[in-house]
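Student: Pasting in a structure now, in structure tokens, and then I'll have a few things to ask.
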Amino acid sequence: MSTYQHAALLVSAAHARSFPPDLGAEVAIAGRSNAGKSSAINALTARRGLARTAKLPGRTRLLNFFELAPLRRIVDLPGYGYAAASEAERASWAPMISALAARTSLRGLFLIVDGRRGLLAGDEELLAWAAAAQLPVPVLLGKSDKLKRAELRQALAAGAARLANRATLQAFSAVDGTGLEQARRQLEDWLK
Ligand code: GDP
């Protein structure tokens, strides 16, 4: 299993023109603010502090490209569903998200959902975006360590029914490692 010991923030893009060249392979990762996206990035790459760099003031609203290995990237999308993002900021994301969908290096999208909250409106927008771009989407039902076994079963069943064939769904926890190996295998497979 790869670890990405040399992973680093490559660029925080405010415009599509700042994106790195469309070469190699990259995987997008999205979720509502506080869903656990940064923790998932750190867990997936086994680089504890990696995503913290993307949480510095001013960067949470940008597209953060992490280089895991040469020409292998994770693209961290701005966390949505947070009232503090202004209309203007949100408007600035749309062209970037469109440009991202057009990149040939983009292989798939991890969608992180807070397991206690399930899929919400913003998540549906991302699912529609991924469907239009014909991207496979594993939805990671995060913070699964916070759910009791029966609650988790119920959340997985409700999520699967709602997603139908639009995405796959699996339990995930950055804290106890549930689903981590499976997600890492998926990442590695995409970045091959
Ligand atoms: P982001 O805003 O989506 O990047 O979310 P963060 O990764 O910063 O996580 C938001 C909060 O949820 C933090 O307090 C994390 O410690 C917590 N958190 C993230 N992932 C997990 C998890 O798998 N289990 C638990 N129990 N807490 C988590």
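Student: How high is the relative contact order of the chain, in percent, counting Cα pairs under 8 Å that sit 6 or more residues apart?
Tutor: 26
Student: Let me ask you something else. Would you work out what percent of the accessible area of the stretch 8-191, with all protein chains in place, is carbon or sulfur (probe 1.4 Å)?
Tutor: Accessible surface attributable to carbon and sulfur in the stretch 8-191 totals 54 percent.
Student: Expressed in nm², what is the orientationally averaged projection area of the convex hull enclosing the Cα positions of the stretch 8-191?
Tutor: 9.6
Student: So what is the accessible area of the stretch 8-191 per residue, in Å², with the probe set to 1.4 Å?
Tutor: Computed with neighbouring chains in place, this is 48 Å² per residue.
Student: Using heavy-atom solvent-accessible surface (probe 1.4 Å) with all chains present, what is the largest-first order of 6, 15?
Tutor: Descending order: 6, 15.
Student: Right, another one. Return the calculated 222 nm mean residue ellipticity for the chain, to the nearest 500 deg cm²/dmol, obtained by summing -39500 (n - 2.57) across DSSP H runs with n ≥ 4 and dividing by the residue count.
Tutor: -10500 deg cm²/dmol
Student: Round to the nearest 10 and report in Å² the accessible area of residue 73, as given by a 1.4 Å probe over the protein chains' heavy atoms.
Tutor: 10
Student: Further question: Between residue 158 and residue 182, how many nm apart are label points set 7 Å from Cα along the C-beta direction?
Tutor: The modelled label-to-label distance comes out at 1.9 nm.
The values are calculated or read from the model by the stated rules, or taken from the named source; none is laboratory data. Since we're looking at a predicted model, the values are computed, not measured. Cβ: placed from backbone, ideal geometry, glycine included. Neighbour counts: every protein chain shown. Ligands, DNA and RNA are stripped out before the accessible areas are found, and what is left, the full protein with its side chains, is counted by its heavy atoms. Shrake-Rupley method; radii C 1.70, N 1.55, O 1.52, S 1.80 Å.
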